[in-house]
Every structure is written in C-alpha cells, then in structure tokens.
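The structure appears right after this line, and notes come after that.
The values are calculated or read from the model by the stated rules, or taken from the named source; none is laboratory data. Please read all numbers here as calculations on a predicted model, not as lab measurements. Reconstructed Cβ throughout: ideal geometry from the backbone, glycine too, with neighbour counts over all protein chains shown. The protein model used for the area step is the full one, side chains on, heavy atoms only, and it has no ligands, DNA or RNA in it. Shrake-Rupley method; radii C 1.70, N 1.55, O 1.52, S 1.80 Å.
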Amino acid sequence: MASILVLNGPNLNLLGTREPEIYGSDTLDSIHTKLNSIANEAGHSLRFVQSNAEHELITELHKASEEGVSILIFNPAAFTHTSVALRDAILGTAIPFIEVHLSNIYTREEFRQHSFFSDIAIGVISGLGAQGYELALQAALTQINE
Ligand code: DQA
C-alpha cells in the first residue's frame, strides 16, 4: 500500500464559490471525496491537505518525506508563481510530484505563466478543472505500479 499526499495552496478552500467562471463549481471537499475513493479502491491511502500558509505547506512536505509518502499531487495555487521556499522544500524532500492547476495558467495573466514547479514536476495538468486532480491521481497510480 502506497501513501499519496494531495497538497493544496492558498484560497483553494474557497473552491465552489471562488470565481467559478475560472475555477468551476466543484468544492475542495467534493474533490477530496472523489480522490479518496479512487485511491482506496486501488488499495492505497490518500491524505488531502489545504493550507493558506506557506510555512504550513513546507511543514507538510517535510512530514510527507518522514512518513514515506510515495508521490505528491500539488496545486501550489498563488505560491506557484512566487515560492522559492516551496520549490526548495520539494527538492529537499525529493518526493516525485504532479503539478495541478484548475485553470490554464498559460492563458491567463502574464504573472501566472511562470511556475516555480513545472520544471521539476513529473508532469503538469493545467486547465481541466477538478478533473485535473483525477487525471493526476490516475497518473500517480501508474507511477506507483511501475
Ligand atoms: C491555480 C492558479 C493560480 O494562478 C491561482 O493563484 C490559484 C489557483 C489553479 O488551480 O488554477 O489560486 O493554481
């Protein structure tokens, strides 16, 4: 049984009501429930975390490394475009990860078109809404089985 962490950055707790024309109407809870059932059915455990604080996300990454998390699905949200500290935390723990964004960051404002994570991710899913998380989990399960 592998352990999978899904880590979500700032303001993603507002999903469902936050700019639904950009982020869709699914809530983070509904995404969590869906992913949990897919992971459990595949015989793996999944932990789902959201934080608005950079230091808490860093602590989660350190904890994930100590606990032997096999793979990470990460939506760093606004920290995607700003956080060298989170990039360093991922590099420091060396946990393989898939970067997910609900919106297509490459069709949005210029400041969103740079990610501090994409060049060190296994892969990036951007613009497919909540389905992006499910697709990332499918890819993570494939990685675990390889
Ligand atoms: C986001 C895109 C980011 O630019 C933004 O700051 C978010 C969410 C996405 O999922 O589309 O908070 O990561």
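Pairs meeting the criteria (first residue in segment 118-146 and small (Gly, Ala, Ser), second residue modelled with pLDDT of 95 or more and open to solvent by 50 Å² or more (accessible area, probe 1.4 Å), beta carbons under 6 Å, at least 6 apart or on different chains) are SER118/VAL124; SER126/ASN104; GLY127/ASN104; ALA130/ASP26.
Elements of the type helices (runs of 4 or more DSSP H) sitting completely within segment 1-104 and holding at least 2 residues that are surrounded by 17 or more Cβ atoms within 10 Å (Cβ to Cβ): these cover 28-41, 54-66, 84-93.
Being under 24 Å from GLU67 (Cβ atoms) and either among the basic types (Lys, Arg) or more than 10 Å from the ligand (Cβ to nearest atom) (or both) holds for only one residue in LEU135, LEU91, and it is LEU91.
The set of residues in segment 105-116 that are under 16 Å from ASN8 (Cα atoms) and either more than 10 Å from the ligand (Cβ to nearest atom) or open to solvent by 70 Å² or more (accessible area, probe 1.4 Å) (or both) contains only PHE116. Scanning segment 70-88 for residues that are within 11 Å of the ligand (Cβ to nearest atom) and under 15 Å from ILE125 (Cα atoms) gives PHE74, ASN75, PRO76, ALA77, THR80. Is it true that THR142 is over 20 Å from HIS55 (Cβ atoms) and of a type outside the set (A, V, I, L, M)? The answer is yes for THR142.
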